[in-house]
Amino acid sequence: MKTSWEIFTKAFIETARRSAIVGAMRVLITGINGFVGGHLADHLLAQGQHDLWGLTRSAGRLPPFLVGRVHEVVADLSDPEATLKAIVAAQPAVIYHLAGQPFVPESFRDPAATLSANILGALHIFLALIEHRMATRVLVVGTNEEYGTIRAADLPINEDTPLRPANPYGVSKAAQSLLAQQYHLSHILDVVRVRPFTHIGPRQNERFVTAAFARQIARIERGLQPPLVQVGNLSARRDFTDVRDMVRAYTLLAEHGEAGAVYNAGSGQAVMVRELLDYLLEASDVPVEQRLNPELMRPIDVPLVVCDATRLRERTGWVPQIPLRQTLGDILDYWRAEVARELTSA
């Protein structure tokens, strides 16, 4: 039997969500200065119906293109008191929780910091909402790395696939997801979980594969490095989606997702990493060679990953809209502009 508090909380959440949809919503993005956070902010601002707040770890860290358009609130999510103060200041109807340590190789180098950042940050958000009885919807952004070691029988990967994370990053995100589910069950928190598969696009850090390729090619074209691209495992086949399509999925889930549920987000198509590199090389006007760099190889690398996003599509109608070749062209153009800017400012 549900307690009176549980009944009140559920009713209050539904009333608050209906009211927020009618008018402008106060929205808080954690990790707004990251790759996905910036694109999500762009998308929400383009809709013109949001009072947008961005949480950064220290003051003045909003991306330049968001300054003056977003309210900055400062907190280190490892600090529960600072997290609580930031959330109370923002009073968000929706939180998109993107902040954390997102890089798989870094999770092997410093697993403790990865676990701390990705689990404690979410925990402190949940505890702040519970303490102040805030009817805030939280989109908890996980990763397909939670699924980890994939067997042939698992493909395509749906939300019922067992979690077998193969790196500390995947472990941290699986724990974050379970924590979100637990607080939904124990405290009726209005959380929705999403497991995005690989997403790429302009402004991504060069530590990630397509950005790394494009930056090297752009530098080669300017004569800033020898005509040689350092590569890792090119045979892996991944499910790639444009980040601009991915953030659209996030906003649809924030509005229409079922509280407590988890949704995969991905294209449903597997593409070999070598194909991405081949396209970028074809788009370049200079000859470029390739060289395997063992330091770019993961200790464990899953050979084939394909997403089943049926649950997301049926709930929200979302499908990817941006062709992969357009995404790759935009990435290369971004890095060409970045390299040109670096030369101008040197």
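Here are the numbers for the structure shown:
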quantity	calculated
Shape call, segment 40-83: gyration tensor on alpha carbons, a/c limit 1.5	prolate
Structure-based [θ]222 nm, the chain - -39500 (n - 2.57) summed over DSSP H runs of at least 4, per residue, nearest 500	-13500 deg cm²/dmol
Size-normalised alpha-carbon gyration radius of the chain, reference 2.2 N^0.38 Å	1.01
Evaluated at q = 0.14, 0.23, 0.24 Å⁻¹: base-10 log I(q)/I(0), Debye formula over Cα of segment 78-191	-0.60, -1.24, -1.30
GNM flexibility winner over the chain from Leu292, Leu66, Leu28 (Cα, springs under 10 Å)	Leu292
Which of Asp160, Asp278, Asp76, Asp285 has the fewest Cβ neighbours within 10 Å, and the rest in rising order	Asp285, Asp160, Asp278, Asp76
Ordering of 169-179, 204-214 by burial proxy (mean other Cβ atoms within 10 Å per residue, highest first)	169-179, 204-214
Qualifying chymotrypsin sites (Phe, Trp or Tyr not before Pro) in segment 100-153, DSSP loop, other Cβ atoms within 10 Å at most 16	Phe103
Residues whose placed amide H lies under 5 Å from that of Thr241, excluding near-sequence neighbours	His199, Ile200
Amide H contacts under 5 Å for Val73, placed H, 5+ residues apart	Gly54, Leu55, Thr56
Binned Cα-Cα distances of segment 280-336, short to long, each 5 Å bin given as a whole percent	4, 11, 12, 13, 19, 18, 13, 6, 4, 0
Pair His71, Arg207: separation of 7 Å Cα→Cβ label points (nm)	3.1
Highest average packing first - 227-238, 184-195, Cβ atoms within 10 Å	184-195, 227-238
Neighbourhood net charge (11 Å Cβ-Cβ; Lys/Arg +1, Asp/Glu -1) for Val36	+1
Relative contact order for the chain, counting Cα pairs under 8 Å that sit 6 or more residues apart, in percent	17
For segment 105-119, Karplus couplings with θ = phi - 60° (6.51, -1.76, 1.60), whole Hz, Gly/Pro x	x, 5, 5, 6, 5, 9, x, 4, 5, 5, 4, 4, 4, 8, 9
Vicinal HN-Hα couplings computed from phi for segment 63-76 (Karplus, 6.51 cos²θ - 1.76 cosθ + 1.60; Hz; Gly/Pro x)	x, x, 6, 10, 5, x, 10, 9, 7, 8, 10, 10, 6, 8
Under-5 Å amide H pairs with Val191, H placed in peptide plane, nonlocal only	Val138, Gly260
Against the rule of thumb 2.2 N^0.38 Å, how large the Cα Rg of segment 218-346 comes out	1.29
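Taken together, the values in this text are just the output of simple stated rules run on the coordinates, not laboratory data. Since the model is a prediction, treat every value here as computed from it, not as a measurement. Neighbour counts are summed over all protein chains in view; Cβ atoms, including those assigned to glycine, are modelled from backbone coordinates with ideal geometry.
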